[in-house]
1. Among L214, L172, which is the only one that is farther than 22 Å from D103 by Cα and touching a Leu at 6+ places or on another chain (Cβ under 9 Å)?
2. Inside the stretch 143-164, can you point out the residues that are assigned to a helix (DSSP H, G or I) and in contact (Cβ under 8 Å) with a residue 24 or more places away in the chain?
3. Assuming S221 fulfils every condition listed in (1) within 27 Å of P73 (Cβ to Cβ); (2) of a type in the set (S, T, Y); (3) within 16 Å of the chain's Cα centre (by Cα) apart from one, which condition is it?
4. When both residues are 6+ apart or on different chains and their Cβ atoms are under 6 Å apart, which pairs have a first residue that lies in the stretch 125-142 and is near the ligand (Cβ under 6 Å from one of its atoms), and a second that is in a loop (DSSP other than H, G, I, E, B)?
5. If S82 passes every condition in (1) part of a loop (DSSP other than H, G, I, E, B); (2) among the polar types (S, T, N, Q); (3) modelled with pLDDT of 95 or more but one, which one does it miss?
6. Could you check T198 against (1) surrounded by 17 or more Cβ atoms within 10 Å (Cβ to Cβ); (2) over 18 Å from the mean Cα position of the chain (by Cα); (3) in contact (Cβ under 8 Å) with a residue 60 or more places away in the chain and say which number it fails?
Amino acid sequence: MEIVIVPDAAAGGELIATAIAELLTGKPDALVGVATGSTPLPIYQALAAKVRAGALDVSRARICQLDEYVGLPKGHPESYRSVVLREVLEPLGISESAFLGPDGSASDIAAAATAYDHSLAEAGGVDLQLLGIGTDGHIGFNEPCSSLASRTRIKTLTEQTRVDNARFFDSLDEVPHHVITQGIGTILEARHLVLLATGEAKAEAVAQAVEGPLSAFVPASALQLHPHATVVVDEAAATRLK
Ligand code: F6R
């Protein structure tokens with residue numbers, strides 16, 4: 001695992017955007033897995049700046065989603081599909097037809113999750129998967145004690161994660177209890193994993209993931225199993241590293 005400490009979130013965003021740009025230069029139709037939440041926004045802003053400057057061609061790029069809330073109506077502004085359209089596809093000028101995501105409003109959620117796993121495989125697998133990390137060590141929404149071999153499936157959010165995500169909703173009551181998330185086994189199939197963590201609130205989770213034992217109690221520690229994992233942390237998120 002490669003650990004890169006950067007001065008701040010903007011520097012992390014720029015570094016990772018450059019890695020994605022290099023990937024797309026060598027493989028213009030690469031499948032890039034995106035995460036939602038606050039942490040990856042500087043990456044998407046840096047990518048959009050490269051596109052605007054004519055330094056990056058994303059015309060053949062494909063994008064896929066890491067996870068999705070269950071039960072939000074289609075088009076809800078905080079559904080992760082809406083967030084990815086708003087924060088990634090629209091600023092980059094990528095068509096929705098180049099976007100894969102699980103259907104969190106399906107009547108059969110288990111079938112929708114399995115179908116999403118199959119669609120990723122049929123698309124040739126994820127070339128680079130962006131990840132954030134939860135304060136409880138989750139990746140995707142694989143909460144502590146998730147199987148390290150898990151596939152895309154429905155998961156129940158912990159109360160801590162619902163509280164962490166309540167800032168995107170009018171009240172905690174509106175935060176869904178369930179999600180479809182790529183499993184840890186699914187995430188580990190991506191050819192390159194890139195986790196960005198910023199801010200002191202992530203410092204303990206980062207230290208446990210990177211320097212602690214491999215453990216289902218800390219789902220992000222599964223990155224230790226991957227042959228090509230890069231963890232980018234700002235100075236605040238690096239404060240608990242030895
Ligand atoms: C989001 C996701 C989550 C977040 C994590 C951190 O698609 O999969 O694992 O990456 O909850 O969220 P932020 O970046 O908002 O702190």
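The values are calculated or read from the model by the stated rules, or taken from the named source; none is laboratory data. Given the structure is predicted, the values throughout are model-derived calculations rather than measurements. Every residue, glycine as well, gets a Cβ built from its backbone with ideal geometry; the counts of neighbours run over all protein chains shown.
1. When all the criteria are applied, what remains is L214.
2. Across the stretch 143-164, the qualifying residues are Q160, T161, D164.
3. Among (1) within 27 Å of P73 (Cβ to Cβ); (2) of a type in the set (S, T, Y); (3) within 16 Å of the chain's Cα centre (by Cα), the lone unmet condition for S221 is (1).
4. Partner pairs satisfying both residue conditions: G132/A35; G132/G37; G132/T39; G140/L66; G140/Q182.
5. Just one mismatch for S82, condition (1).
6. (2)
Results for (1) within 16 Å of the ligand (Cβ to nearest atom); (2) buried (at least 18 other Cβ atoms within 10 Å of the Cβ); (3) of a type outside the set (S, T, N, Q), shown as yes or no for each residue.
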| residue | (1), (2), (3) |
| --- | --- |
| I3 | no, no, yes |
| G12 | yes, yes, yes |
| I43 | yes, yes, yes |
| A48 | no, yes, yes |
| D57 | no, no, yes |
| G75 | no, no, yes |
| E87 | yes, yes, yes |
| P91 | no, no, yes |
| S97 | no, no, no |
